Amino acid sequence: MNIILFGPPGAGKGTQSKYLVKKLDGFQISTGDILREEIKKDSEIGKKIINNMNEGKFVSDEIVNSLLKNHVFDPLKKEKLIFDGYPRSLKQAKNLDKLLKESNQSIDYIFFLNVNKETIIKRIEKRKFLEQRSDDTLDTTLKRYDTYIETTRPVLEYYSKNSNFHEIDGTLEINQITSKIEALLNV
Ligand code: AMP
């Protein structure tokens, strides 16, 4: 089973995907984590993306797509992909379609965690203290939300026509969201 968790920054995609990884014995494909790892390693890619990430801007589709490819084609992860924070642009969504087709896979469920701006601001403020992420400042949060609205909305329109698309109220408590996901997955 392959799943996409979709929604603005702070919607709870990471939390729910970690849960799904355990429950379904899957693999979390968080492009945010993959990119942060490149910065930590101080790789060539890491040096290129650090400014964009700290400013809450998107990393180029080219870089993200190239890092993602190995995960989709990894035989260990086949049919166990849980996408968290990818795709975030129409170009990425089309790239994912292509990679899945080439690897004989498809997406089984798309969960859209819908959250308003006020809730996100509150959550990110809280997370700042828990995780100490360098991009969790209020300014960056607002920038990331605006980037999401501009760039990610078309992806929402692209997916919302699919029969496997499910909108979930992301302002609910974590365990309530989990229950809704479980009910839809029938697990
Ligand atoms: P996240 O951990 O998903 O909130 O992502 C943190 C930051 O990583 C974002 O603000 C972007 O700068 C970058 N990023 C993560 N995923 C993507 C993606 N799919 N496309 C472009 N940039 C991304």
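We did not get these values from a lab; they are worked out from the coordinates using the rules stated. All figures in this text were calculated on a predicted structure; none of them were measured in a lab. Here Cβ is always computed from backbone atoms with ideal geometry, including for glycine, and neighbour counts include all displayed protein chains.
Counting charges near Gln105 (Lys, Arg +1; Asp, Glu -1) among other residues having Cβ under 14 Å from its Cβ returns a value of +1. Projected onto the charge dipole of the range 3-185 (+1 at Lys/Arg Cβ, -1 at Asp/Glu Cβ, origin at the Cα centre), which of Gly85, Gly56, Ser134 gives the Cα projection farthest towards the positive end? My answer, from the dipole projection, is Ser134. Averaging 1/r over every pair of different alpha carbons in the chain and inverting the result gives a Kirkwood radius of 16.8 Å. With a simple spin-label model that places each label point 7 Å from the Cα along the Cα-to-Cβ direction, the separation between Asp108 and Arg127 comes to 2.6 nm. Here's the picture: charge each Lys and Arg Cβ at +1 and each Asp and Glu Cβ at -1 in the chain, and of Asn95, Phe27, Ala183 the one pushed furthest to the positive end of that dipole is Phe27.
Using only side-chain charges placed at the Cβ, +1 for Lys and Arg and -1 for Asp and Glu, the dipole size of the range 1-153 relative to its Cα centre rounds to 260 debye.
Place the peptides 169-177, 85-93 in order of packing, highest mean first, counting for every residue the other Cβ atoms within 10 Å and averaging per peptide.
Working: 169-177: 14.1, 85-93: 20.9.
Order by mean packing, descending: 85-93, 169-177.
Straight-distance candidates among the aspartates and glutamates for linking to Lys23, with alpha-carbon spacing under 17 Å and chain neighbours fewer than 8 residues away dropped: Glu79, Asp84, Asp108, Glu182. Dipole check for the range 17-93: with +1 at the C-beta of Lys and Arg, -1 at the C-beta of Asp and Glu, and the Cα centre as origin, the magnitude is about 200 Debye. Electrostatic bookkeeping for Ile168 treats Lys and Arg as +1 and Asp and Glu as -1; over the other residues with beta carbon under 13 Å from its beta carbon, the sum is -2.
Grab the other residues whose beta carbon is less than 10 angstrom from that of Val21, score K and R as +1, D and E as -1, and report the net.
Summing Lys and Arg as +1 and Asp and Glu as -1 gives +2.
Partners of Lys126 within straight-line reach, counting aspartates and glutamates whose Cα lies under 14 Å from its Cα and excluding those fewer than 8 residues away in the same chain: Glu118, Asp135, Asp136.
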